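First comes the structure, then the notes that go with it.
The values are calculated or read from the model by the stated rules, or taken from the named source; none is laboratory data. Treat the numbers as computed from the prediction; the structure is a model and nothing was measured. Note: ideal-geometry Cβ built from the backbone for every residue, glycine included; neighbour counts use all protein chains shown. Accessible surface areas use protein heavy atoms only, side chains included; no ligands, DNA or RNA. Shrake-Rupley method; radii C 1.70, N 1.55, O 1.52, S 1.80 Å.
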Amino acid sequence: MSDFSLILDLVLRKGLVSEEQLRIVRSDGGRDGGESLFEELVGKGFLDRKTAFQLLAEEFAMRFVDFSELDLPKEPEDFLQETIARQYRVFPIEFSEGSLQVAISNPLEVESLDSLSHLLKTPIEPVLADGKRIEEAINTRYDRGAFGEGDNYGDNADEVDTRVADVTLEMEDSSIDESEAPIIRLVQVIISEAIRRRASDIHLEPMDSRFRVRFRIDGELQEMSSPPPKRLQLPVISRIKVMGKLSIAEKRLPQDGRIQVRVEGVDYDLRVSSLPTAFGESIVMRILDKTGLMKGLPELGFLSDDQETFERLITLPDGILLVTGPTGSGKTTTLYSCLNYVNKSDRKIITVEDPIEYQMPGINQVPVRKSVGMTFAAALKAMLRQAPNIIMVGEIRDKETAEIAINASLTGHMVLSTLHTNDAPSAVTRLVDIGVKPYLVATSLRASMAQRLVRRICPDCRQRHEPTRRELAAIGLDRDSVGDAQFMKGVGCPKCHNQGVKGRFGIFEIFEVNEEIEKLIYSGGTAAQMRNIAKELGMRTMREDGVRKVLAGLTSVKEVLSVTVDESALI
């Protein structure tokens, strides 16, 4: 992809140029070629040339240089021969600290820079500049005549071109390791871009004819605008496997690893998973943002009444509190926020996790290691001898783990854990199904909370919105019942990458076990029966909590409908 195509894609996505302006340029005879469209947009005043390249530099975490504000070398031949500069479309800036700094206009030309570095036997430090200014500098700064006495390539331009081509071909034939500086930088750019856009996962997927890179942002996968070319698939995957301490030689079996990176002064952990596919190894990197640990309960999405209830539950002296929901519903973040809330100097807290996702100061965290017999159950047994006040079990998966956790709760410990169920009351029947006696569930379970994540309307571009009658009916409302509710929608802005949404928060369903529910558990009642009694006693369902947040202008009807079900489906 050319630098101009990159810029056009970027300025459209960032909102610097509108579709209407693009239509005007095309209707006035502007051709579809990237450079032609770019020049037409600049010529009509729709786009500032310098701003566009500055934005491109920012997108790829590079330094932008303005040739009009720079003292360019008067004798660029001292650093780089003219023919080489023209072939690679670069201009030398300076030689500093053992590296040659060169201006480029396309951040994705990493392979060319790799070839140039090997050709010159010198590390290359790229900076971004306007491609037109680079071309002008080459034309005006270089002597267009002879190559000069110091030229090591001979006196003929054709000979230089041939020898450069021969060197490049020789590099390919000799299988030069491409996971050097340019590839390292490309991987850094991919990770930095994902973190800057608040992605939770990075997916690198080998396809038949291309190498697709996607970011999961606020729960939805979005393709990287300028992914690496297919030819860089192997070196990029190899670089990530090296970073994650995975075996490069093993390409037939799945592997798991971990990477620690620092971006803009913040530390991130990346959990790496590789999976062999028909066209190469698929890599998924899950980004674990340690700043998420410090979230307070309101930031999770609790409204004041639910927050008060939840704070009371997590500070009980004993019993079990379960957080339920499918994978990706934010259960782990909620549990860590709970631990952060109760983490006081007078309390001993121990966790057993597979794996440890976040390291928290002041808490004893035990990793599961099945290869040496350190299972959830084995770790729990040992933990009880450490006299903890609060125990967190990453997930209750089987009867043995469940029974040990319940016994711990009955001997004066508060146990926090997660369970995979669709709603809160189903946690009871799930525990019974895996073999726990109903009387143990009834006496130990204090509450279960189901949750889902919905996308938050971008606060920077939200506007009043009037929902249709069909939308209102879908969530059980009509126009007369909504009163002065402030329905909102995001129209899209640069801060939310024109998505209209920014970040996610939870909607919740808190099911408390009281005396009446206990009797029902003893007698073998169904989840539907427990749900009905809990609703009569004031339990608010996830959909009802979602509707409250729609009426408050925090999210949309569509979001709530996408993650909750009609109550009649649960009865």
Q: Can you tell me which residue among 249, 194 is among the aliphatic types (A, V, I, L, M), crowded, with 22+ Cβ neighbours inside 10 Å and either out of contact with any Lys or Arg (no Cβ under 8 Å at 6 or more places or on another chain) or part of a helix (DSSP H, G or I) (or both)?
A: 194
(Q) Pull out all pairs, ordered by first then second residue, where Cβ-Cβ is under 8 Å, the residues are six or more apart or on different chains, the first lies in the stretch 361-375 and is touching a residue at least 24 places away in the same chain (Cβ under 8 Å), and the second is acidic (Asp, Glu) and in a strand (DSSP E or B). (A) 368/353
Q.
If I ask for residues that are crowded, with 16+ Cβ neighbours inside 10 Å and either in a helix (DSSP H, G or I) or touching a Gly at 6+ places or on another chain (Cβ under 9 Å) (or both), which ones from the stretch 385-412 would you list?
A. 389, 400, 401, 402, 403, 404, 405, 406, 407, 408, 409
Q. Out of the residues in the stretch 247-260 that are at pLDDT below 90 and among the aliphatic types (A, V, I, L, M), which is farthest from the chain's Cα centre (by Cα)?
A. 249
Q: State whether the residues of the stretch 333-353 include one that is of a type in the set (Gly, Ala, Ser), open to solvent by 50 Å² or more (accessible area, probe 1.4 Å) and at positive phi.
A: no
**Q.** Subset of the stretch 315-336 [of a type outside the set (A, V, I, L, M, F, W, C), within 11 Å of residue 420 (Cβ to Cβ) and either touching a His at 6+ places or on another chain (Cβ under 7 Å) or part of a strand (DSSP E or B) (or both)]
**A.** 324, 326
Q. Which residues, taken from the stretch 261-287, are of a type in the set (A, V, I, L, M, F, W, C) and under 17 Å from the mean Cα position of the chain (by Cα)?
A. 261, 263, 266, 270, 272, 283, 284, 285, 287
**Q.** Segments classed as helices (runs of 4 or more DSSP H), wholly inside the stretch 456-571, with at least 1 members that are of a type in the set (D, E, K, R), free of Cβ contacts under 8 Å to residues at least 12 places away in the same chain and out of contact with any Leu (no Cβ under 9 Å at 6 or more places or on another chain)
**A.** 469-474, 479-482, 515-522, 527-536, 542-551
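Rundown of residues vs (1) modelled with pLDDT of 85 or more; (2) among the aliphatic types (A, V, I, L, M); (3) under 30 Å from residue 18 (Cβ atoms), yes/no style:
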| site | (1), (2), (3) |
| --- | --- |
| 45 | no, no, yes |
| 65 | yes, yes, yes |
| 76 | no, no, no |
| 97 | no, no, no |
| 105 | yes, no, yes |
| 110 | no, yes, no |
| 132 | yes, no, yes |
Q) How many residues does the stretch 520-548 hold that are closer than 19 Å to residue 503 by Cα and surrounded by fewer than 21 Cβ atoms within 10 Å (Cβ to Cβ)? A) 1
Q. Which condition number does residue 114 fail, the rest of (1) over 15 Å from residue 87 (Cα atoms); (2) modelled with pLDDT under 85; (3) not hydroxyl-bearing (Ser, Thr, Tyr) being met?
A. (1)
Q | Within the stretch 74-126, considering residues that are in a loop (DSSP other than H, G, I, E, B), on the phi < 0 side of the Ramachandran plot and among the charged types (D, E, K, R), the one nearest to the chain's Cα centre (by Cα) | A | 109
Q. So residue 57 fits all but one of (1) under 27 Å from residue 122 (Cβ atoms); (2) out of contact with any strand residue (DSSP E or B) (no Cβ under 7 Å at 6 or more places or on another chain); (3) at pLDDT 75 or above; (4) open to solvent by less than 10 Å² (accessible area, probe 1.4 Å); what number is the exception?
A. (2)
Q: Looking for whichever is open to solvent by 10 Å² or more (accessible area, probe 1.4 Å), out of contact with any helix residue (DSSP H, G or I) (no Cβ under 9 Å at 6 or more places or on another chain) and not hydroxyl-bearing (Ser, Thr, Tyr) here; the options are 460, 433. Which one fits?
A: 433
Q) What is the residue count in the stretch 206-222 for residues that are under 13 Å from residue 190 (Cβ atoms), open to solvent by less than 30 Å² (accessible area, probe 1.4 Å) and not β-branched (Val, Ile, Thr)? A) 2
Q. Has the stretch 282-289 got at least one residue that is assigned to a loop (DSSP other than H, G, I, E, B) and either closer than 30 Å to residue 542 by Cα or open to solvent by 10 Å² or more (accessible area, probe 1.4 Å) (or both)?
A. no
Q) Could you list, in sequence order, the residues of the stretch 413-442 that are closer than 23 Å to residue 382 by Cα and part of a helix (DSSP H, G or I)? A) 431, 440, 441
Q. Failed condition for residue 325, given (1) open to solvent by 20 Å² or more (accessible area, probe 1.4 Å); (2) within 24 Å of the chain's Cα centre (by Cα); (3) modelled with pLDDT of 90 or more; (4) not acidic (Asp, Glu), with all others met?
A. (1)
Q: Answer yes or no: is there a residue in the stretch 341-350 that is under 26 Å from the mean Cα position of the chain (by Cα), over 15 Å from residue 508 (Cα atoms) and at pLDDT 85 or above.
A: yes
Q.
Quick test of your reading of the structure: residue 138 fulfils all but one of (1) β-branched (Val, Ile, Thr); (2) under 29 Å from the mean Cα position of the chain (by Cα); (3) surrounded by fewer than 21 Cβ atoms within 10 Å (Cβ to Cβ). Name the failing condition by number.
A. (2)
Q: Identify, from the list 225, 238, 273, the residue that is surrounded by 12 or more Cβ atoms within 10 Å (Cβ to Cβ) and assigned to a strand (DSSP E or B).
A: 273
